[in-house]
Amino acid sequence: MRTEGPELLRVLELAPHDIEVGDRAILLGDGFPSGRSARIVFRGILHRPGQPVVHGAEILAKGNVVSPERIEIVFDDALERLFASTASGLAHTTFEGDVEVGFAASTAGAPPVSGILVGTTLDMRPSIPANNAELARDGAIVLAALGIHATAVGSGLLVDSVAAGSRAQAAGMSPGDVLARFDGVRVASTADVVPPPGERDARVQLYRGRETVTCTLSVAGLSAPMPWVRARGPILVIVSLATVLLFTAPLPAPIARRIQRIASRIRSKIGASPRSSNRTAWSRAFARILASAWPTGTLAAGADALSLGILATFSFGPTLVAARVDVALIFGVAASALTAASWAAQPTIWRGIRSAAHITWQHLPGAVALASVVVSVSSLKLQEIARAQGGMPWEWLIFRSPATLVAMAIVASTALIEPHVGDRRDITAWLDESPPQAPPLPSLTGAVVRLHRTLIAGITASLFLGGWLLPGVSPSAQDGSLGLQLVGALWLLAKTGLVLFGLACVRFAATQSTVEQRSSSVARLVLPASIATLAGSLLWTRWDLSATSQTVVSTVLAILIGLAAGAIVERVRFASIHPNGDGHISPFL
């Protein structure tokens, strides 16, 4: 042990190896100053079965010098919680790191005496471990999937047999080995061989005769399904209730009236008879929505090509745009371009200033919603925000929390902002009457509007829908392959097109409104919602859910959003065919 100070302090070992509540951890050494209490600091890593590794742990304890060769540290309930507490309760914990022992100097004004015991390992076994039976079952499943049949012995798990062609055989394990450590956790039962969620490779320590062997086992796909085993019951109940409420229950009167107004506008546009499905009319309506999502005119097509080209560069790793540009800059460029175009398109300076002020005000909720994304990810960089997500849908930021879901809707709605009065529809308008149709936008202004809309749609796809990350491919592997980067760029453009199509559907069905009406709607509804979203993101980040809980929440949100979208489409379709319906999709139900 390294020593400091005028007094000799030599710690030789720390015993016992296994500690439970009520035990005394004993520091054995020579030259401890008698009659003083010691300050003990544990600095290192905490390993727990089925939990992410905790790096940089620092735990403070007190010890009593009972003789010049012995210090006792009482392991009580409070110290047990410091070592073994997790979100789901107390867990078996293996500590690896250094132990610093310090004493106040005997001479006033002198520096304290301290020493460090390097490379210490302690095993904390709580008196009442949380989910030990479930972990034991999960561990048995993991061992079977690895091809290992083992029995517990005093020093770990004795490997009785290894299945031919299994992962364990590929890692070099053989019968007679003793599995001593699994991912840093000292093994005593099957409950100790559970990998943390999302892990791909586990570091394993074996006793082979008198040798200690370290190998790496592939556990990809073994840790992710286990949360579903415990959560599938509640998820099934939630999904069943949501299906009944969304598809069969009558809607509240205000929502039912809005559905009927949307259906009425759709009937007037598609020309369908009230009690006929009229597939030809619906096909014509779908074609009109696709046409409205596509750029019209040479300038608009050029603006679309420019914005899509910018978005495509996001996929090409740290060498291009994504690593250098933050979302605030891209959002600011899009908003500034539209503001300038709205000012230039007006016939007088005063009307231009007034129109530009309206456009700037309507972008404010989107800026606040972007701040909630920054709070959730702790970064402004576009590449870091995308990497904080993942390629699979349940890893996307939109499903992180209800706050991020609302934030995406607010950011996407800014793509519908247009400068002319009464000329287009808007997602924030919920009015009964429509103002007269205004003249079409000038071609140059229309091109800027198209550039703004496509950039905002691309930002939405990058921030909330996983961006350019491919499912099942790690970001490092994607960055290392030019072909995967190209596929990622196409994947981002496809998501952007999906967002544009959704916006076109909203514009097709929503009520027309003037710029003044949209600004009023922002003040009454959208801006307060964006502020609530920011507050919700702060609270969610402070809550700090475990990886398992976050996965369950994300999956439930993804399913509920899919069900809600399907229910809205089906209810609008039903209301378009049955204008005098009572809100039930099925008369029988």
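Consider only pairs whose beta carbons are under 7 Å apart and that are at least six residues apart or on different chains; among these, list those whose first residue lies in segment 381-409 and is over 15 Å from residue 561 (Cβ atoms) and whose second residue is crowded, with 24+ Cβ neighbours inside 10 Å and among the aromatic types (Phe, Trp, Tyr).
Listed by first residue and then by second, the contacts come to 382/314; 386/468; 389/396.
Name the single residue, out of those in segment 241-258 being within 14 Å of residue 575 (Cα to Cα) and touching a residue at least 60 places away in the same chain (Cβ under 8 Å), that is surrounded by the most Cβ atoms within 10 Å (Cβ to Cβ).
Residue satisfying both the conditions and the ranking: 251.
Given the residues 405, 416, 380, which is the only one that is at pLDDT 85 or above and in contact with an Asp or Glu (Cβ under 6 Å, 6 or more places away or on another chain)? Let's see the steps before the verdict.
Working: 405 fails: in contact with an Asp or Glu (Cβ under 6 Å, 6 or more places away or on another chain); 380 fails: at pLDDT 85 or above.
Just one listed residue meets the conditions, 416.
Please go through segment 142-190 and give me each residue that is basic (Lys, Arg) and under 21 Å from residue 46 (Cβ atoms), ordered by number. Reasoning before the result, please.
Within segment 142-190, the first condition is being basic (Lys, Arg), and the residues that meet it are 167, 181, 186.
Once the filter is applied, which keeps residues that are basic (Lys, Arg) and under 21 Å from residue 46 (Cβ atoms), segment 142-190 yields 181, 186.
Quick one: in segment 49-96, which of the residues that are in a strand (DSSP E or B) and surrounded by 22 or more Cβ atoms within 10 Å (Cβ to Cβ) is modelled with the lowest pLDDT?
Once the filter is applied, the top-ranked residue is 90.
Looking at 575, 567, which one is over 30 Å from residue 51 (Cα atoms), at pLDDT below 80 and in a helix (DSSP H, G or I)? Lay out the reasoning, then the answer.
Details: 567 fails: at pLDDT below 80.
None of the others qualify; the one that does is 575.
Give me a count of the residues in segment 208-240 that are at pLDDT 75 or above, of a type in the set (Lys, Arg) and surrounded by 11 or more Cβ atoms within 10 Å (Cβ to Cβ).
1
What do you reckon, is residue 135 under 28 Å from residue 98 (Cβ atoms) and surrounded by 19 or more Cβ atoms within 10 Å (Cβ to Cβ)?
Numbers: under 28 Å from residue 98 (Cβ atoms): no; surrounded by 19 or more Cβ atoms within 10 Å (Cβ to Cβ): yes.
No: the conditions fail for residue 135.
For residue 8, are the conditions met, namely being part of a loop (DSSP other than H, G, I, E, B) and either modelled with pLDDT under 75 or touching a Gly at 6+ places or on another chain (Cβ under 7 Å) (or both)? Break it down into steps so the answer makes sense when it comes.
Working: part of a loop (DSSP other than H, G, I, E, B): yes; either modelled with pLDDT under 75 or touching a Gly at 6+ places or on another chain (Cβ under 7 Å) (or both): yes.
So residue 8 fits the description; yes.
Give segment 473-494 a look and list any residue that's over 16 Å from the mean Cα position of the chain (by Cα) and under 15 Å from residue 395 (Cα atoms), or say none.
Listed by number, the list holds a single entry, 473.
Identify the residue in segment 165-175 that is in contact with a Gly (Cβ under 8 Å, 6 or more places away or on another chain) and of a type outside the set (Ser, Thr, Tyr) and, among all such residues, is farthest from residue 49 (Cα to Cα).
Step by step, filter segment 165-175, then rank; the result is 165.
The values are calculated or read from the model by the stated rules, or taken from the named source; none is laboratory data. Here the structure is a predicted model, which is why all the values come from computation and not from measurement. Virtual Cβ from ideal backbone geometry, glycine too; neighbours counted across all protein chains shown.
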